[in-house]
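Heads up, the thing below is written out as C-alpha coordinates.
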Amino acid sequence: MKVTVIGAGNMGGAMIRGLVAGGRVAAGDITAVAVHDKTLNAMREVGVQATTDAVAAAKTADVVLLAVKPWLVEGTARQIAGAVKNSALIGSVAAGIGLADLVSYFGGDKPLFRIMPNTAVTVGESMTFVTAGGATPEQTRTMISLFEPLGKVMEVPEKQFDGCMALASCGIAYALRYVRAAMEGGIELGIPPQMAQTVVAQTLKGAAEILLRTGNHPEAEIDKVTTPGGITIKGLNAMEANGFTRAVIEGLKASK
(Lines give C-alpha, C1' and ligand atoms only; values in the text may rest on other atoms or scores of the structure.)
Protein backbone atom coordinates (compact mmCIF):
# COMPACT_ATOMS: atom_id res chain seq x y z
CA MET A 1 0.00 0.00 0.00
CA LYS A 2 1.36 3.41 -1.00
CA VAL A 3 0.45 6.34 1.23
CA THR A 4 0.92 10.01 0.41
CA VAL A 5 0.65 12.60 3.17
CA ILE A 6 0.30 16.14 1.87
CA GLY A 7 1.48 18.47 4.59
CA ALA A 8 4.24 17.17 6.85
CA GLY A 9 4.09 19.73 9.65
CA ASN A 10 3.23 18.97 13.27
CA MET A 11 0.26 16.67 12.62
CA GLY A 12 1.27 15.30 9.21
CA GLY A 13 4.82 14.65 10.35
CA ALA A 14 3.59 12.95 13.52
CA MET A 15 1.29 10.70 11.50
CA ILE A 16 4.12 9.75 9.17
CA ARG A 17 6.43 8.91 12.07
CA GLY A 18 3.67 6.89 13.67
CA LEU A 19 2.99 4.94 10.49
CA VAL A 20 6.67 4.11 10.15
CA ALA A 21 7.05 3.15 13.82
CA GLY A 22 3.89 1.06 13.75
CA GLY A 23 5.11 -0.95 10.78
CA ARG A 24 1.69 -0.95 9.11
CA VAL A 25 3.19 0.69 6.02
CA ALA A 26 6.80 0.36 4.86
CA ALA A 27 8.70 3.63 5.07
CA GLY A 28 9.60 3.37 1.39
CA ASP A 29 5.90 3.27 0.48
CA ILE A 30 5.17 6.59 2.21
CA THR A 31 5.60 9.92 0.46
CA ALA A 32 5.59 13.20 2.37
CA VAL A 33 4.70 16.37 0.50
CA ALA A 34 5.94 19.67 1.93
CA VAL A 35 7.19 23.04 0.73
CA HIS A 36 10.10 23.72 3.08
CA ASP A 37 13.52 22.07 2.75
CA LYS A 38 13.80 21.67 6.52
CA THR A 39 10.57 19.66 6.63
CA LEU A 40 11.50 17.60 3.58
CA ASN A 41 14.89 16.71 5.06
CA ALA A 42 13.31 15.78 8.38
CA MET A 43 10.99 13.38 6.58
CA ARG A 44 13.84 11.84 4.61
CA GLU A 45 15.62 11.16 7.89
CA VAL A 46 12.61 9.06 8.89
CA GLY A 47 13.16 6.98 5.75
CA VAL A 48 10.18 8.10 3.68
CA GLN A 49 10.18 9.73 0.27
CA ALA A 50 9.78 13.50 0.30
CA THR A 51 8.80 15.90 -2.45
CA THR A 52 7.25 19.27 -3.18
CA ASP A 53 5.16 17.83 -6.05
CA ALA A 54 1.74 16.99 -4.64
CA VAL A 55 0.28 15.98 -8.00
CA ALA A 56 3.01 13.45 -8.77
CA ALA A 57 2.83 12.03 -5.25
CA ALA A 58 -0.95 11.66 -5.45
CA LYS A 59 -0.92 9.81 -8.78
CA THR A 60 0.54 6.56 -7.46
CA ALA A 61 -0.99 6.62 -3.97
CA ASP A 62 -3.52 4.11 -2.67
CA VAL A 63 -4.23 6.43 0.27
CA VAL A 64 -3.96 10.23 0.18
CA LEU A 65 -4.07 12.10 3.49
CA LEU A 66 -4.50 15.88 3.48
CA ALA A 67 -2.76 17.30 6.54
CA VAL A 68 -2.56 20.93 5.44
CA LYS A 69 -4.17 23.85 7.26
CA PRO A 70 -7.96 24.09 6.79
CA TRP A 71 -7.75 27.16 4.55
CA LEU A 72 -5.38 25.30 2.22
CA VAL A 73 -7.50 22.16 1.81
CA GLU A 74 -9.67 23.34 -1.06
CA GLY A 75 -6.79 24.58 -3.18
CA THR A 76 -4.74 21.46 -2.51
CA ALA A 77 -7.68 19.16 -3.17
CA ARG A 78 -8.57 20.79 -6.47
CA GLN A 79 -4.91 20.67 -7.49
CA ILE A 80 -4.66 16.89 -7.06
CA ALA A 81 -8.26 15.85 -7.77
CA GLY A 82 -7.60 14.91 -11.39
CA ALA A 83 -4.48 12.94 -10.50
CA VAL A 84 -5.84 10.75 -7.70
CA LYS A 85 -6.81 7.21 -8.69
CA ASN A 86 -10.55 6.47 -8.50
CA SER A 87 -9.81 3.62 -6.13
CA ALA A 88 -7.66 5.72 -3.80
CA LEU A 89 -8.86 6.45 -0.27
CA ILE A 90 -8.81 10.17 0.47
CA GLY A 91 -8.75 11.52 4.00
CA SER A 92 -8.62 15.00 5.46
CA VAL A 93 -7.46 15.82 8.99
CA ALA A 94 -8.46 19.49 8.72
CA ALA A 95 -10.93 20.79 11.28
CA GLY A 96 -14.09 22.28 9.86
CA ILE A 97 -13.85 20.57 6.46
CA GLY A 98 -16.91 18.30 6.13
CA LEU A 99 -17.64 15.40 3.83
CA ALA A 100 -19.82 17.64 1.69
CA ASP A 101 -16.83 19.93 1.18
CA LEU A 102 -14.62 17.00 0.18
CA VAL A 103 -17.26 15.80 -2.28
CA SER A 104 -17.32 19.25 -3.89
CA TYR A 105 -13.53 19.18 -4.24
CA PHE A 106 -13.04 15.57 -5.37
CA GLY A 107 -16.45 14.53 -6.72
CA GLY A 108 -18.79 11.95 -5.26
CA ASP A 109 -17.27 8.89 -6.87
CA LYS A 110 -14.31 8.47 -4.49
CA PRO A 111 -14.12 7.05 -0.95
CA LEU A 112 -13.71 10.07 1.31
CA PHE A 113 -12.90 10.34 5.00
CA ARG A 114 -12.76 12.92 7.73
CA ILE A 115 -10.04 11.95 10.19
CA MET A 116 -9.11 13.64 13.46
CA PRO A 117 -6.18 12.44 15.55
CA ASN A 118 -4.93 14.47 18.50
CA THR A 119 -1.38 15.51 19.29
CA ALA A 120 -0.76 12.38 21.37
CA VAL A 121 -0.22 10.75 17.97
CA THR A 122 3.43 11.72 18.55
CA VAL A 123 3.68 9.14 21.36
CA GLY A 124 1.37 6.51 19.85
CA GLU A 125 -1.52 7.37 22.18
CA SER A 126 -3.85 9.38 19.95
CA MET A 127 -7.62 9.23 20.18
CA THR A 128 -8.47 9.28 16.47
CA PHE A 129 -11.93 9.63 14.94
CA VAL A 130 -12.87 8.50 11.42
CA THR A 131 -16.01 9.41 9.47
CA ALA A 132 -16.51 7.80 6.06
CA GLY A 133 -18.41 8.96 3.00
CA GLY A 134 -18.92 6.86 -0.13
CA ALA A 135 -16.65 4.13 1.21
CA THR A 136 -17.27 0.40 1.51
CA PRO A 137 -16.88 -1.29 4.90
CA GLU A 138 -13.63 -2.82 3.64
CA GLN A 139 -12.27 0.57 2.59
CA THR A 140 -13.26 2.05 5.93
CA ARG A 141 -11.53 -0.80 7.72
CA THR A 142 -8.38 -0.14 5.68
CA MET A 143 -8.35 3.52 6.67
CA ILE A 144 -8.97 2.72 10.33
CA SER A 145 -6.18 0.13 10.32
CA LEU A 146 -3.68 2.79 9.26
CA PHE A 147 -4.27 4.72 12.46
CA GLU A 148 -4.49 1.82 14.91
CA PRO A 149 -0.72 1.82 15.59
CA LEU A 150 -1.07 5.47 16.62
CA GLY A 151 -3.47 4.88 19.52
CA LYS A 152 -7.20 4.22 19.71
CA VAL A 153 -9.47 4.70 16.68
CA MET A 154 -13.23 5.15 16.65
CA GLU A 155 -15.55 5.35 13.65
CA VAL A 156 -18.26 7.94 14.30
CA PRO A 157 -21.14 9.45 12.28
CA GLU A 158 -20.38 12.92 10.99
CA LYS A 159 -22.98 14.53 13.24
CA GLN A 160 -20.85 13.47 16.23
CA PHE A 161 -17.50 14.36 14.68
CA ASP A 162 -17.20 17.94 15.95
CA GLY A 163 -18.27 16.94 19.45
CA CYS A 164 -15.69 14.16 19.50
CA MET A 165 -13.07 16.60 18.28
CA ALA A 166 -13.88 18.92 21.19
CA LEU A 167 -13.55 16.03 23.64
CA ALA A 168 -10.26 14.66 22.30
CA SER A 169 -8.44 17.13 20.07
CA CYS A 170 -9.31 20.26 22.03
CA GLY A 171 -9.68 18.12 25.11
CA ILE A 172 -6.00 17.25 25.26
CA ALA A 173 -5.28 20.95 25.78
CA TYR A 174 -7.90 21.07 28.53
CA ALA A 175 -6.32 18.07 30.26
CA LEU A 176 -2.93 19.75 30.06
CA ARG A 177 -4.39 22.95 31.47
CA TYR A 178 -5.59 20.87 34.45
CA VAL A 179 -2.02 19.57 34.80
CA ARG A 180 -0.73 23.14 34.86
CA ALA A 181 -3.31 24.20 37.43
CA ALA A 182 -2.56 21.18 39.61
CA MET A 183 1.16 21.93 39.35
CA GLU A 184 0.53 25.45 40.58
CA GLY A 185 -1.49 24.06 43.46
CA GLY A 186 1.31 21.61 44.21
CA ILE A 187 3.83 24.44 44.31
CA GLU A 188 1.65 26.23 46.87
CA LEU A 189 1.77 22.99 48.87
CA GLY A 190 5.56 23.03 48.78
CA ILE A 191 6.19 20.61 45.90
CA PRO A 192 8.90 21.63 43.36
CA PRO A 193 7.50 22.32 39.84
CA GLN A 194 9.12 19.43 37.95
CA MET A 195 8.25 17.00 40.70
CA ALA A 196 4.65 18.27 40.71
CA GLN A 197 4.42 17.82 36.93
CA THR A 198 5.61 14.22 37.15
CA VAL A 199 3.23 13.44 39.99
CA VAL A 200 0.19 14.96 38.28
CA ALA A 201 0.96 13.45 34.87
CA GLN A 202 1.39 9.96 36.30
CA THR A 203 -1.77 10.37 38.35
CA LEU A 204 -3.75 11.30 35.22
CA LYS A 205 -2.21 8.39 33.34
CA GLY A 206 -3.24 6.02 36.11
CA ALA A 207 -6.77 7.42 36.30
CA ALA A 208 -7.20 7.07 32.54
CA GLU A 209 -5.87 3.52 32.55
CA ILE A 210 -8.34 2.52 35.26
CA LEU A 211 -11.26 3.70 33.12
CA LEU A 212 -9.91 2.14 29.92
CA ARG A 213 -9.31 -1.24 31.54
CA THR A 214 -12.44 -1.47 33.66
CA GLY A 215 -14.98 0.55 31.68
CA ASN A 216 -16.29 1.79 35.02
CA HIS A 217 -18.08 5.10 35.34
CA PRO A 218 -15.70 7.73 36.79
CA GLU A 219 -17.98 8.27 39.77
CA ALA A 220 -17.60 4.61 40.75
CA GLU A 221 -13.85 5.12 41.00
CA ILE A 222 -14.26 8.46 42.76
CA ASP A 223 -16.39 6.75 45.41
CA LYS A 224 -13.44 4.47 46.22
CA VAL A 225 -11.34 7.40 47.42
CA THR A 226 -13.96 9.67 48.98
CA THR A 227 -14.31 8.46 52.55
CA PRO A 228 -16.84 10.30 54.75
CA GLY A 229 -15.26 13.38 56.23
CA GLY A 230 -12.06 12.76 54.26
CA ILE A 231 -9.80 15.20 52.47
CA THR A 232 -10.75 14.05 48.95
CA ILE A 233 -14.44 14.87 49.26
CA LYS A 234 -13.53 18.22 50.79
CA GLY A 235 -11.30 18.95 47.84
CA LEU A 236 -13.91 17.87 45.30
CA ASN A 237 -16.58 20.00 46.94
CA ALA A 238 -14.25 23.01 46.95
CA MET A 239 -13.59 22.52 43.22
CA GLU A 240 -17.31 22.28 42.47
CA ALA A 241 -18.00 25.38 44.55
CA ASN A 242 -15.56 27.19 42.28
CA GLY A 243 -17.25 25.99 39.11
CA PHE A 244 -15.05 23.04 38.06
CA THR A 245 -17.66 20.92 36.22
CA ARG A 246 -19.46 23.91 34.74
CA ALA A 247 -16.17 25.36 33.45
CA VAL A 248 -15.29 22.07 31.71
CA ILE A 249 -18.74 21.73 30.10
CA GLU A 250 -18.79 25.32 28.91
CA GLY A 251 -15.28 24.99 27.49
CA LEU A 252 -16.26 21.90 25.51
CA LYS A 253 -19.44 23.52 24.20
CA ALA A 254 -17.45 26.58 23.10
CA SER A 255 -15.10 24.31 21.14
CA LYS A 256 -17.80 22.67 19.01
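Within the stretch 75-89, can you find the residues that are more than 21 Å from Asn10 (Cβ to Cβ) and touching a residue at least 12 places away in the same chain (Cβ under 8 Å)?
In the first step, residues of the stretch 75-89 are kept if they are more than 21 Å from Asn10 (Cβ to Cβ); the result is 78-89.
Selection gives Arg78, Gln79, Ile80, Ala81, Ala83, Val84, Lys85, Asn86, Ser87, Ala88, Leu89.
Only one of (1) buried (at least 22 other Cβ atoms within 10 Å of the Cβ); (2) in contact with an Asp or Glu (Cβ under 6 Å, 6 or more places away or on another chain); (3) not basic (Lys, Arg) fails for Met1. Which number is that?
(1) is the only condition that Met1 fails.
Please find, within the stretch 153-177, the residue that is farthest from the chain's Cα centre (by Cα) out of those that are more than 16 Å from Thr119 (Cβ to Cβ) and part of a helix (DSSP H, G or I). So that I can check it myself, show each step before the final result.
First, pick out the residues of the stretch 153-177 that are more than 16 Å from Thr119 (Cβ to Cβ): 154-163.
If we keep only those that are part of a helix (DSSP H, G or I) as well, we get 158-163.
Details: Glu158: 16, Lys159: 18, Gln160: 15, Phe161: 12, Asp162: 12, Gly163: 13 Å.
Out of the qualifying residues, it is Lys159.
Does Met183 satisfy being without any contact (Cβ under 8 Å) to a residue 24 or more places away in the chain and of a type outside the set (D, E, K, R)? Step through it out loud before you land on a result.
Numbers: without any contact (Cβ under 8 Å) to a residue 24 or more places away in the chain: yes; of a type outside the set (D, E, K, R): yes.
So Met183 fits the description; yes.
Collect the residues in the stretch 23-59 that are in contact (Cβ under 8 Å) with a residue 40 or more places away in the chain and either within 19 Å of Leu112 (Cβ to Cβ) or of a type in the set (Asp, Glu) (or both), keeping them in residue-number order.
Here is the first cut: in the stretch 23-59, the ones in contact (Cβ under 8 Å) with a residue 40 or more places away in the chain are 23-25, 50, 54, 57-58.
Of everything in the stretch 23-59, those that are in contact (Cβ under 8 Å) with a residue 40 or more places away in the chain and either within 19 Å of Leu112 (Cβ to Cβ) or of a type in the set (Asp, Glu) (or both) turn out to be Ala54, Ala57, Ala58.
Got a number for residues in the stretch 119-132 being open to solvent by less than 20 Å² (accessible area, probe 1.4 Å) and either part of a strand (DSSP E or B) or under 17 Å from Val5 (Cβ atoms) (or both)? Steps first, please.
First pass over the stretch 119-132, keeping only residues open to solvent by less than 20 Å² (accessible area, probe 1.4 Å): 120-121, 126, 128-131.
Of the ones still in play, those that are also either part of a strand (DSSP E or B) or under 17 Å from Val5 (Cβ atoms) (or both) are 121, 126, 128-131.
Number of matching residues: 6.
Within the stretch 103-114, which residues are touching a helix residue (DSSP H, G or I) at 6+ places or on another chain (Cβ under 7 Å) and either of a type in the set (Val, Ile, Thr) or touching a residue at least 24 places away in the same chain (Cβ under 8 Å) (or both)?
As a first pass, look at the stretch 103-114 and keep what is touching a helix residue (DSSP H, G or I) at 6+ places or on another chain (Cβ under 7 Å): 105-106, 111-114.
Of everything in the stretch 103-114, those that are touching a helix residue (DSSP H, G or I) at 6+ places or on another chain (Cβ under 7 Å) and either of a type in the set (Val, Ile, Thr) or touching a residue at least 24 places away in the same chain (Cβ under 8 Å) (or both) turn out to be Tyr105, Phe106, Pro111, Phe113, Arg114.
Could you list, in sequence order, all residues of the stretch 190-240 that are open to solvent by less than 90 Å² (accessible area, probe 1.4 Å), aliphatic (A, V, I, L, M), assigned to a helix (DSSP H, G or I) and more than 23 Å from Met127 (Cβ to Cβ)?
Ala196, Val199, Ile233, Leu236, Ala238, Met239
How many of the residues in the stretch 135-185 are loosely packed, with under 15 Cβ neighbours inside 10 Å, in contact with a strand residue (DSSP E or B) (Cβ under 7 Å, 6 or more places away or on another chain) and of a type in the set (Ser, Thr, Tyr)?
Count: 0.
For the stretch 31-38, indicate whether the set of residues that are in a strand (DSSP E or B) and either hydroxyl-bearing (Ser, Thr, Tyr) or surrounded by fewer than 24 Cβ atoms within 10 Å (Cβ to Cβ) (or both) is non-empty.
Of the residues in the stretch 31-38, the ones in a strand (DSSP E or B) are 31-33.
From what's left, either hydroxyl-bearing (Ser, Thr, Tyr) or surrounded by fewer than 24 Cβ atoms within 10 Å (Cβ to Cβ) (or both): 31.
Within the stretch 31-38, one or more residues are in a strand (DSSP E or B) and either hydroxyl-bearing (Ser, Thr, Tyr) or surrounded by fewer than 24 Cβ atoms within 10 Å (Cβ to Cβ) (or both).
List the residue pairs whose Cβ atoms are under 7 Å apart, where the first residue sits in the stretch 201-214 and is free of Cβ contacts under 8 Å to residues at least 60 places away in the same chain, the second is surrounded by 10 or more Cβ atoms within 10 Å (Cβ to Cβ), and the two are 6 or more positions apart or on different chains.
Correct list of pairs: Ala201/Val179; Leu204/Ala175; Leu204/Val179; Ile210/Glu221; Leu211/Pro218.
Residues that are over 23 Å from Gly151 (Cα atoms), open to solvent by less than 40 Å² (accessible area, probe 1.4 Å), over 16 Å from the mean Cα position of the chain (by Cα) and charged (D, E, K, R): does the stretch 92-108 have at least one?
Among the residues of the stretch 92-108, not one is over 23 Å from Gly151 (Cα atoms), open to solvent by less than 40 Å² (accessible area, probe 1.4 Å), over 16 Å from the mean Cα position of the chain (by Cα) and charged (D, E, K, R), which makes the answer no.
The values are calculated or read from the model by the stated rules, or taken from the named source; none is laboratory data. Bear in mind that the values here come from a model prediction, so they are computed numbers and not experimental data. In this analysis, Cβ positions are derived from the backbone assuming ideal geometry, glycine residues included, and neighbour counts consider all displayed protein chains. Accessible surface areas use protein heavy atoms only, side chains included; no ligands, DNA or RNA. Shrake-Rupley method; radii C 1.70, N 1.55, O 1.52, S 1.80 Å.
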